[in-house]
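Reviewing the structure listed below.
The values are calculated or read from the model by the stated rules, or taken from the named source; none is laboratory data. Just so you know, these numbers come straight off a predicted model, no measurement behind them. All Cβ positions, even for glycine, are placed from backbone atoms using ideal geometry, and neighbour counts span all protein chains on display. Surface areas here come from the heavy atoms of the whole protein model, side chains and all, with no ligands, DNA or RNA. Shrake-Rupley method; radii C 1.70, N 1.55, O 1.52, S 1.80 Å.
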Amino acid sequence: MNKNWEMHVSTVFVFWALFFVMCTYAHFKTFYLFINAYIIPLCLFHLGIVIPNAYGMLSNFKWDKSSSFHMWLEYASWYVVLSVACIGVGVGLSMKNKKIIVVSDGIRFKITQTFNKLYLDGIGLLIASVIFLIMALISLGNLFAYSRADFFHGVGDTRGLGLFMMCLPSAAIVLMIGACSRKEKIFAATISLITFAVFLLSGYRSAALFPALVGVIIWVKVKNKIPLVVSLSAILFVLFIIPVIGMLRSVGPYNEMNTQHFKKSIQKANIENSFIELGSTIGVLAHTLRLVPAVDDYRYGITYVKSFRDSIPNIMPEMNKSYRKESSNRAMLDHKVIGKMAVPSDWITYRIAPDKYHKGEGVGFSAIGEPYLNFGIVGVVIFFLSIGYCLGRLDDSYLLDKPNLLLFLCAMFWFLIRTVRNDFSNFIKPAIFIFIIVVIWRFTACALLKNLKNNKLVKIK
């Protein structure tokens, strides 16, 4: 094992990052890219400790270099470098000569139609969010009487709450991008601010920060520029607020929080803690490399198959049986069951933090770990080449004449970013749910508009 591996990894990554940024900026003429929205969280969660520690920026953190596990952290870090390198190659393969688009009156009319359709879809998602919130209140009662952890410990039927958390951030982005008139903009901005504050203060940081990141990028691509000073200030705010919210999570029920808890959290928080907290995903990846295939076999795509299978909505009044409980019960009879678990986050939690597993909690997972868990290093290379190519093509697309693609990016892309520290089901399931909701809403809205037109014609006659 190389004693200076952190510095070597960091140096290689920094040179790659500088080269990548220069090349993508030369082609796209902006830093606000979907590919950057994916790479930045991926690297923060996997190298958030490694790089600052290599340059002596973490005074409150030290690796246990005497542990045999330290070797797996080195391997995991090089896997991160391999992943971003594959992303870079994928983006390079996706690049094509950009077409010059002349905005004529016809195109302006089409753009207006795109925004109008988008805003209408946002209204549909907002209505769905309200319906799901009502479902959650009926099932669980006063949501403020629970802590965030309680929702993972089987307090009741949480499907309404889960769907509400999927829909509302998407609705906020869609409304904000689609708004055209002054009233629409005020309404969309109000919904967006409330959504951001509610999810951030309730401890669901990814449901607040990832949609905000995607919203900013789409805003720049289709509407206006954002000053660099504003963006840098927002990044500093995020790095500061992450440990603050992390401390508030442990307070207890939401209705017990007060200003004293906020003051204590702010006093104890610092940016260094943000990097330590975010960067801990490297440990999950390291454990995955350690366990597979030495202890548990490759899954050969079964985790992705289960992601699609579990995305089928459960419209029955009863909740589905817990996959964790079923696996635990079967493991009592057959110890090989755990090694075949199709939910990566459940599997790794059982292996490295069994206490959390039995409480219904988890340690998350890794976007790099899942393709490795399924197909080894070949899976990692193919997956990230594909990610780079697809996101590169999205960044090359002119979105204003593609309302369905724009809707996908506004409503569903933030779920993909969330998978950098989770498994792929965290993208597939909510994306399919959002798609179903939008389809139902469009049919409903069309039917309502037809009825209104028919009623007007009858009155005129």
| request: Name every residue in the stretch 173-193 that is within 28 Å of V251 (Cα to Cα) and in contact with a helix residue (DSSP H, G or I) (Cβ under 8 Å, 6 or more places away or on another chain), in order of residue number. | output: I191, S192
| task | Name, by its number, the condition in (1) part of a helix (DSSP H, G or I); (2) more than 21 Å from K3 (Cβ to Cβ); (3) open to solvent by 70 Å² or more (accessible area, probe 1.4 Å); (4) not small (G, A, S) that does not hold for I87. | result | (3)
| field | Hey, L232 free of Cβ contacts under 8 Å to residues at least 12 places away in the same chain and open to solvent by 80 Å² or more (accessible area, probe 1.4 Å) or not | value | yes
| remark: Subset of the stretch 241-257, residues open to solvent by 70 Å² or more (accessible area, probe 1.4 Å) and either without any contact (Cβ under 8 Å) to a residue 60 or more places away in the chain or closer than 28 Å to W78 by Cα (or both), comes to S250, E256
| message | Looking at L42, L58, L47 in this structure, which one is crowded, with 16+ Cβ neighbours inside 10 Å and modelled with pLDDT under 90? | response | L58
| message | Which pairs turn up if I take residues in the stretch 1-27 that are in a helix (DSSP H, G or I) and look for partners that are exposed (fewer than 11 other Cβ atoms within 10 Å of the Cβ) with beta carbon separation below 7 Å, at least 6 apart in sequence or on another chain? | response | H8/N2
| note | By residue number, the members of the stretch 28-58 that are among the aromatic types (F, W, Y), out of contact with any Leu (no Cβ under 7 Å at 6 or more places or on another chain) and in a helix (DSSP H, G or I) are F28
| Scanning the stretch 311-334 for residues that are of a type in the set (A, V, I, L, M, F, W, C) and open to solvent by 90 Å² or more (accessible area, probe 1.4 Å), which turns out modelled with the highest pLDDT? | I312
| request: Check off (1) buried (at least 23 other Cβ atoms within 10 Å of the Cβ); (2) closer than 18 Å to Y300 by Cβ; (3) without any contact (Cβ under 8 Å) to a residue 40 or more places away in the chain for I348 and give me the number that stays unchecked. | output: (3)
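Conditions (1) open to solvent by 60 Å² or more (accessible area, probe 1.4 Å); (2) modelled with pLDDT under 80; (3) more than 18 Å from R421 (Cα to Cα); (4) in a loop (DSSP other than H, G, I, E, B), marked per residue:
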| position | (1), (2), (3), (4) |
| --- | --- |
| S274 | no, no, no, no |
| E277 | yes, no, no, no |
| A286 | no, no, no, no |
| R309 | yes, no, yes, no |
| query | Q267 fails exactly one of the following numbered conditions: (1) polar (S, T, N, Q); (2) buried (at least 18 other Cβ atoms within 10 Å of the Cβ); (3) over 27 Å from F375 (Cβ atoms). What is the number of that condition? | reply | (2)
| message | Anything in the stretch 409-443 that is farther than 29 Å from S366 by Cα, among the β-branched types (V, I, T) and open to solvent by less than 60 Å² (accessible area, probe 1.4 Å)? List them, or say none. | response | V438, V439
| said: Please pick out the residue among L407, L394 that is of a type in the set (A, V, I, L, M, F, W, C) and in contact with a Lys or Arg (Cβ under 9 Å, 6 or more places away or on another chain). | reply: L407
| request: Hey, could you check the stretch 336-345 for residues that are in a loop (DSSP other than H, G, I, E, B) and within 17 Å of F427 (Cβ to Cβ) and say which is most open to solvent (accessible area, probe 1.4 Å)? | output: V343
| field | Hits in the stretch 431-452 (condition: touching a residue at least 40 places away in the same chain (Cβ under 8 Å) and of a type in the set (S, T, N, Q)) | value | T444
